[in-house]
Amino acid sequence: MTAYLPWWVTAISLAVITLGFYFANDKTLGVSGSWTRVVQWKNDKVLDEESASFIKRPKLFEDALMAATIAEFGQDEVTRFLESRHQLDQKPAVDRVQAPGAIARRIHWTVHLVFLCALILGGVIGAMIRGDIGIQMNMGSVHAGLFGTGFAFFITMFVGGALVGFGTQLAGGCTSGHGLSGVSRLVPASLIATMSFFGAAIIFSMAIQYLT
Amino acid sequence: MQNSTIQDYFFYTVFGVAMGVTLSLGGFADFEQVNSLFLLQDITLLLVFAGAVSLCMLGFVTLCRKRKIAKKTYNGGTIPGSIMFGIGWAMTGACPSIALVQLGEGKLGALVTIFGIVTGVWVYRTIAAPSFQLDTGVCGE
């Protein structure tokens with residue numbers, strides 16, 4: 001079994017992946033979002049149907065946009081705006097709604113599923129490179145010492161997993177989305193989130209260590 | 001709205017595998033490594049994180065000056081959600097990507113974590129989100 005990579009090699013690799021992912025896909029790297037899309041795969045069907053009808057009839061899309069604008073600002077405000085533009089003899093701000101293409105590109109949920117499966121494959125390859133591949137039923141002796149084995153182990157993993165799932169959705173991101181993609185751009189919400197999850201993990205781990 | 005192309009499948013596969021291999025080789029899928037980070041006994045992984053963030057910052061500043069990248073907004077869910085995530089990470093040694101990497105390495109306990117993640121995401125999106133009314137968004141969209 002080979003040792004883990006030096007820290008700076010892993011750091012460079014993660015940075016290249018985070019930046020490369022953004023430039024290749026025009027989306028910021030965020031694994032918790034892939035989970036959202038895969039778990040909510042049925043929503044894609046509804047979106048597909050809606051966007052298909054807009055592609056077929058762009059006029060319908062314009063009408064929907066206008067209806068939403070009126071709902072937001074009120075009929076009077078919209079009429080006033082349109083009249084003011086008319087008086088100035090300007091071209092409308094949006095000449096012709098570039099209907100379907102104008103919306104942000106949506107990655108299909110199956111792509112997100114492929115992404116999650118690729119992470120599993122990455123784990124297989126990584127373990128093979130280190131010569132450490134093999135079926136293991138627990139998470140090692142340290143984990144067993146802290147949380148127990150058997151039924152206690154299952155409860156720990158399930159409750160912990162549920163906290164990870166629920167927590168990342170509530171927080172709007174995880175280590176990749178808030179941590180890497182967010183902190184590196186100094187996004188305030190991401191800085192707060194990252195400090196919170198590292199802080200909570202440190203306090204919880206120290207408390208468990210102290211208690212056992 | 002464009003549908004996903006073969007290019008999306010290709011890039012998501014390449015970056016997924018690369019990320020999985022990196023996390024595995026870097027020791028992120030090893031509970032002992034993660035636990036000793038949280039106990040502040042071995043800060044190797046913290047150095048990795050700080051190094052990666054610094055390099056990304058350099059990259060985003062030099063390469064993305066004119067691009068407008070969507071920023072996450074702070075809301076009432078940011079702190080409680082992150083605290084829940086941090087505790088879950090300390091219990092399982094897994095964040096949303098690492099549970100999958102652990103499974104790939106042959107650690108079958110990660111299957112329970114993955115089942116937990118799916119349950120947690122489902123409960124939030126279908127039961128909790130409609131009543132919380134927070135604009136938490138979908139990460140990476």
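The values are calculated or read from the model by the stated rules, or taken from the named source; none is laboratory data. Bear in mind that the values here come from a model prediction, so they are computed numbers and not experimental data. Neighbour counts run over all protein chains shown; Cβ positions are idealised from the backbone, glycine included. Accessible surface is based on the protein model in full, side chains and every heavy atom, while ligands, DNA and RNA are left aside. Shrake-Rupley method; radii C 1.70, N 1.55, O 1.52, S 1.80 Å.
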_Using a 10 Å cut-off around each Cβ of peptide A:145-157, what is the average number of partner chain Cβ atoms that fall inside?_
3
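Assuming a ≥ b ≥ c are the square roots of the Cα gyration tensor eigenvalues, decide whether chain A counts as rounded (a/c under 1.5), prolate (otherwise, with a/b larger than b/c) or oblate. Intermediate values should be presented prior to the final figure.
Numbers: a/c = 2.47, a/b = 2.29, b/c = 1.08.
Since a/c reaches 1.5 and a/b is larger than b/c, the shape of chain A is classed as prolate.
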*Can you pull out the trypsin sites (Lys or Arg not before Pro) in the range B:1-103 that DSSP calls coil and that have at most 11 other Cβ atoms within 10 Å?*
B:ARG65, B:LYS66, B:ARG67, B:LYS68
_Estimated vicinal HN-Hα couplings, Hz - the range B:130-141 in sequence order (Karplus 6.51, -1.76, 1.60; Gly, Pro = x)_ = x, 8, 6, 6, 10, 8, 7, x, 10, 4, x, 9
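How much length would be gained if the chain were fully extended between A:ASN138 and A:ALA24, taking 0.36 nm per residue of separation minus their Cα-Cα distance, in nm to one decimal? Show your work: numbers first, answer last.
On the way: separation 114, 0.36 × 114 = 41.04 nm, distance 3.71 nm.
Full-extension gain reported as 37.3 nm.
Distance check, please: which entries in B:LYS71/B:LYS107; A:LYS45/B:LYS72; A:LYS56/B:LYS68; A:LYS56/B:LYS66; B:LYS68/B:LYS107 exceed 32 angstrom between their Cα atoms? Don't skip to the answer; put the middle values down first.
Details: B:LYS71/B:LYS107 35 Å; A:LYS45/B:LYS72 26 Å; A:LYS56/B:LYS68 30 Å; A:LYS56/B:LYS66 34 Å; B:LYS68/B:LYS107 40 Å.
Checking Cα-Cα distances, B:LYS71/B:LYS107; A:LYS56/B:LYS66; B:LYS68/B:LYS107 exceed 32 Å.
Could you tell me which of rounded, prolate or oblate describes the range A:110-212, using a ≥ b ≥ c as the square roots of the eigenvalues of the alpha-carbon gyration tensor, with rounded for a/c under 1.5 and, failing that, prolate when a/b is larger than b/c and oblate otherwise? Spell out each step's value before the answer.
Details: a/c = 1.89, a/b = 1.14, b/c = 1.67.
Oblate is the answer for the range A:110-212, as a/c is 1.5 or above yet b/c matches or exceeds a/b.
What do you reckon, how do A:ARG80, A:ARG85 stack up by accessible area (1.4 Å probe), largest on top? It would help to have the intermediate numbers written out before the result.
On the way: A:ARG80 135, A:ARG85 55 Å².
Ranked from most to least accessible, the order is A:ARG80, A:ARG85.
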*Whenever you get a sec, line up A:TRP35, A:TRP41 from highest to lowest accessible area (probe 1.4 Å, protein heavy atoms).*
A:TRP41, A:TRP35
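Determine the shape class of the range B:36-141: with a ≥ b ≥ c the square roots of the Cα gyration tensor eigenvalues, call it rounded for a/c under 1.5, and otherwise prolate if a/b is greater than b/c, oblate otherwise.
On the way: a/c = 1.83, a/b = 1.07, b/c = 1.70.
Note, shape of the range B:36-141 comes out oblate.
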*Over the heavy atoms of B:TYR74, what accessible area does a 1.4 Å probe trace out, to the nearest 10 Å²?*
120
*At a probe radius of 1.4 Å, what is the per-residue accessible area of A:ARG130, in Å² to the nearest 10?*
10
*So what's the gap between the Cα centers of the range B:12-35 and the range A:35-56, to the nearest angstrom?*
31
*Can you pull the accessible area of B:LEU46 for me, 1.4 Å probe, Å² to the nearest 10?*
70
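Quick check: with the 1.4 Å probe, what order do B:ASP8, A:ASP48 take by accessible area, largest first? Intermediate results must be reported in sequence, preceding the final value.
Working: B:ASP8 5, A:ASP48 50 Å².
Ranked list, largest accessible area first: A:ASP48, B:ASP8.
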*Where nothing but the Cβ of Lys and Arg (+1) and of Asp and Glu (-1) is charged, how large is the charge dipole of the protein assembly as shown around its Cα centre, in debye to the nearest 20?*
480
